[in-house]
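None of the figures in this text is laboratory data; all of them are computed from the coordinates on show. Predicted model only: the values in this text are computed from it and were never measured. Cβ sites come from the backbone with ideal geometry, for glycine too, and all protein chains shown count toward neighbours.
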Ligand code: SF4
């Protein structure tokens, strides 16, 4: 077979691609985490970490707050969760509120009506069947309707201090795939890939860091690559335009 001959233009574009790849450093997760940790210092913490810092960090409270945050902006979720916990912050007290009162308290968030029913059902089951305390157990946590692996892993990591799985939300999914650190076309697949590769010491922190990083720097559209502290490590997979 003869050698393929490149046109001058395709040779130049191939050279540009390989030059870009050569300018990248081998991916160093410790260095990347350290730089991202520094970069997100000025920004608010993700809601569940903030609530835990404010004293609402029991497994039940983190689970309820996680339900509130689903498909809801952080700026809306935090006041809604605080409003609910100011009215009632134990399973028995939230069960006594009833779904309608819960709905009124979390009214600002998306899907407040089904969420109020979910929260009430969780509170009732914890009160009536689980002795008033939500156990730190993945199977029990995901047995509640409306609770998936992300919320269960956040409860286990933040409230139980047992990060036994990685809470992958849309930001963790997008950023780690752009880095080229994993290849997962859904958050669920990204979680599986990350759990094979990411050192355990980062299993909870990756969520705490990449939620603000994904909102402020590595945004969904037009990420701020030119100001990004990890540009030299990031393969920018799938990034077609950036600031
Ligand atoms: S270089 Fe761009 S794509 Fe990569 S992490 Fe930074 S902002 Fe995101």
Pulled fully out, how much extra length does the chain show between residue 232 and residue 161, if you take 0.36 nm times their separation in residues and subtract their Cα-Cα distance? 22.3 nm
Do you know the relative contact order of the chain, to the nearest whole percent, from alpha carbon pairs under 8 angstrom that are 6+ apart? 21
Rounded FRET efficiency, nearest 0.05, which uses the C-beta distance separating residue 129 from residue 41 and R0 of 30 Å: 0.10
Subtracting the Cα-Cα distance of residue 24 and residue 197 from 0.36 nm times their residue separation yields 60.3 nm
Asserting the computed 222 nm helical MRE of the chain (DSSP H runs at least 4 long, -39500 (n - 2.57) per run, divided by residue count, to nearest 500) equals -17000 deg cm²/dmol
State the extension gain, in nm to one decimal, for the chain segment bounded by residue 222 and residue 242, taking 0.36 nm per residue of separation less the distance between their alpha-carbons. 6.8 nm
Measuring from the longest principal axis of the C-alpha atoms of the chain, the long axis of helix 29-39 (C-alpha) lies at a number of degrees, nearest 10, equal to 70
Give the calculated FRET efficiency between residue 87 and residue 110 to the nearest 0.05, with a Förster radius of 25 Å applied to their Cβ-Cβ distance. 0.80
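Which order do peptides 177-184, 135-142 fall in by mean Cβ count within 10 Å, highest first?
177-184, 135-142
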7 Å from Cα along Cα→Cβ at both residue 117 and residue 101: what's the point-to-point distance in nm? 2.0
Where labels lie 7 Å past Cα in the beta-carbon direction, separation of residue 185 and residue 137 in nm: 3.7
